[in-house]
1. Which of (1) open to solvent by 10 Å² or more (accessible area, probe 1.4 Å); (2) within 16 Å of the ligand (Cβ to nearest atom); (3) of a type outside the set (Ser, Thr, Tyr); (4) on the phi > 0 side of the Ramachandran plot does GLY32 not meet, given it meets every other one?
2. Which of (1) within 16 Å of the ligand (Cβ to nearest atom); (2) open to solvent by 60 Å² or more (accessible area, probe 1.4 Å) does GLN242 not meet, given it meets every other one?
3. Quick one: ASN177 ticks every box in (1) assigned to a loop (DSSP other than H, G, I, E, B); (2) without any contact (Cβ under 8 Å) to a residue 60 or more places away in the chain bar one, so which box is it?
4. Please find, among PHE372, PHE393, PHE379, the residue that is within 21 Å of the chain's Cα centre (by Cα), assigned to a loop (DSSP other than H, G, I, E, B) and within 17 Å of GLY100 (Cβ to Cβ).
5. Collect the residues in the stretch 347-366 that are away from the ligand (no atom under 11 Å from the Cβ) and part of a helix (DSSP H, G or I), keeping them in residue-number order.
6. Take the residues of the stretch 83-94 that are at pLDDT 95 or above and not β-branched (Val, Ile, Thr): which is farthest from the ligand (Cβ to nearest atom)?
7. Between ALA80, ALA38, which is surrounded by 15 or more Cβ atoms within 10 Å (Cβ to Cβ), away from the ligand (no atom under 16 Å from the Cβ) and small (Gly, Ala, Ser)?
Amino acid sequence: VTGSDYADIRINADRLREDFAELCEIGATIHGGVSRLALSNEDLQARAWLDRRFQHSGIEVRDDDAGNLSGILRSENPDARTLILGSHLDTVPDGGCYDGSVGVLAALEVLRTIRDAGITLPVHLEAIDFTDEEGCWHPNLGSGALTGTLTENYNSDRDRDYGPFRAALYRAGIPPNNIHKARRDPATLAGYLELHIEQSQRLFEAGCDIGVITNIAGRSSYQMEFRGEACHSGTTAMENRQDALLGASTYIVEAHRLIRECFPGGMFNCENLAVSPGTFNMIPDRANVVWDCRHIDKEQMEIMEGRLLELAKEQATVHSLDVWVKRLVRTSVATMAGRAVLEIERVCERLGVSSMRMASYAGHDAQIMSTFTPSGMIFIPSVGGISHTSREFTEWRHVIQGANVLLHSALGIATEVG
Ligand SMILES: [Zn+2]
């Protein structure tokens with residue numbers, strides 16, 4: 001039996017749409033979007049809803065020590081490996097109905113479709129909702145725990161008050177100190193597939209149905225403090241100033257120029273600048289900058305990050321300042337499995353939908369999973385490239401196409417790797 005032997009089966013589009021409409025009601029905002037922050041009442045309600053959908057469909061439910069919630073369609077072979085399909089039900093505040101949800105609902109629908117068709121696979125098939133993908137408390141908490149990559153001090157770093165986070169975990173029935181037990185053995189997995197909306201406008205502009213993800217951008221985030229000397233703003237000679245704000249603002253402008261001129265495919269964003277003392281008549285002695293950079297090429301990412309750090313030292317010297325640097329986050333460039341890329345492309349061709357290869361600049365659970373098990377990612381167009389707002393929208397035919405591509409990619413990979 002090969003994946004193409006099931007060429008005629010399709011997901012049940014009406015059932016998927018009903019689920020989508022019901023899920024959109026959970027945490028619905030007056031703007032037409034949803035707010036389901038991880039571990040909030042709304043998020044827990046959405047998970048309870050998913051749990052009921054699994055049970056109602058006769059699908060075995062599993063949850064782990066990180067609160068990841070799964071439905072499992074078992075293979076007849078008890079020793080079979082597991083192919084995981086998933087995404088996340090949590091959202092950003094005032095987010096849209098599609099980000100994450102489409103991937104989880106499609107995974108559920110794929111399991112039901114395969115069960116209804118009476119197909120038994122040589123792998124267990126699992127549909128998963130990962131905890132806190134959006135990072136309300138900790139980015140990719142669920143997939144980080146499952147892959148064992150969650151940092152040890154994820155809820156005990158002394159720079160932050162983790163009380164509310166720990167309380168939210170307890171309330172959701174997730175003892176904070178057991179999260180590492182969610183780690184799976186990669187030898188028990190056959191791979192991971194995720195369907196997601198694109199969130200930018202390349203597919204929409206190209207009029208293309210499906211994006212086949214080849215890699216996901218790496219991201220580094222830093223906090224830097226430029227330190228000078230606070231002094232009277234009128235009596236200090238212009239050439240004698242150690243103006244921390246001047247150093248920080250020149251750094252931001254030069255960093256943007258550097259990325260635009262020397263690193264095609266690179267991204268730089270400064271998201272915050274806090275100045276002190278920030279008072280009338282004073283030259284600022286502290287300027288605290290938070291920025292991040294992304295690149296889709298591993299080697300370029302390293303060079304770019306190095307140049308951004310050197311630039312800070314250069315600018316500090318030019319303006320007679322010191323600079324203190326702290327790295328906040330680093331995720332490496334992720335590569336999707338070649339096997340998954342080819343399978344998704346083949347499926348698109350067979351189903352008669354157009355596809356193009358692309359990289360993702362947004363982080364996803366697939367990024368975390370790809371270091372652990374062969375992973376693949378399928379994008380569907382976001383109208384206007386808008387996301388993380390209530391205006392987020394994907395045409396329904398694309399949701400259906402995406403779910404069918406997920407179904408057939410899962411069948412193809414399951415029958416081959418099983
Ligand atoms: Zn998402």
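The values are calculated or read from the model by the stated rules, or taken from the named source; none is laboratory data. In this text the structure is predicted, and so the values were computed from the model without any measurement. Here the Cβ is made from the backbone with ideal geometry for all residues, glycine too, and neighbour counts use every protein chain on show. Side chains are part of the model used for accessible areas, which takes the heavy atoms of the whole protein and leaves out ligands, DNA and RNA. Shrake-Rupley method; radii C 1.70, N 1.55, O 1.52, S 1.80 Å.
1. (2)
2. (1)
3. So ASN177 meets the others, but not (1).
4. After applying the criteria, what remains is PHE393.
5. Answer for the stretch 347-366, where residues must be away from the ligand (no atom under 11 Å from the Cβ) and part of a helix (DSSP H, G or I): VAL347, CYS348, GLU349, ARG350, LEU351.
6. LEU83
7. On inspection, the qualifying residue turns out to be ALA80.
So that you can scan it fast, the table gives a plain yes or no per residue for (1) free of Cβ contacts under 8 Å to residues at least 12 places away in the same chain; (2) crowded, with 18+ Cβ neighbours inside 10 Å:
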position: GLU302; (1), (2): yes, no
position: GLY306; (1), (2): yes, no
position: LYS313; (1), (2): yes, no
position: HIS319; (1), (2): no, yes
position: ARG330; (1), (2): no, no
position: VAL333; (1), (2): no, yes
position: LEU342; (1), (2): yes, no
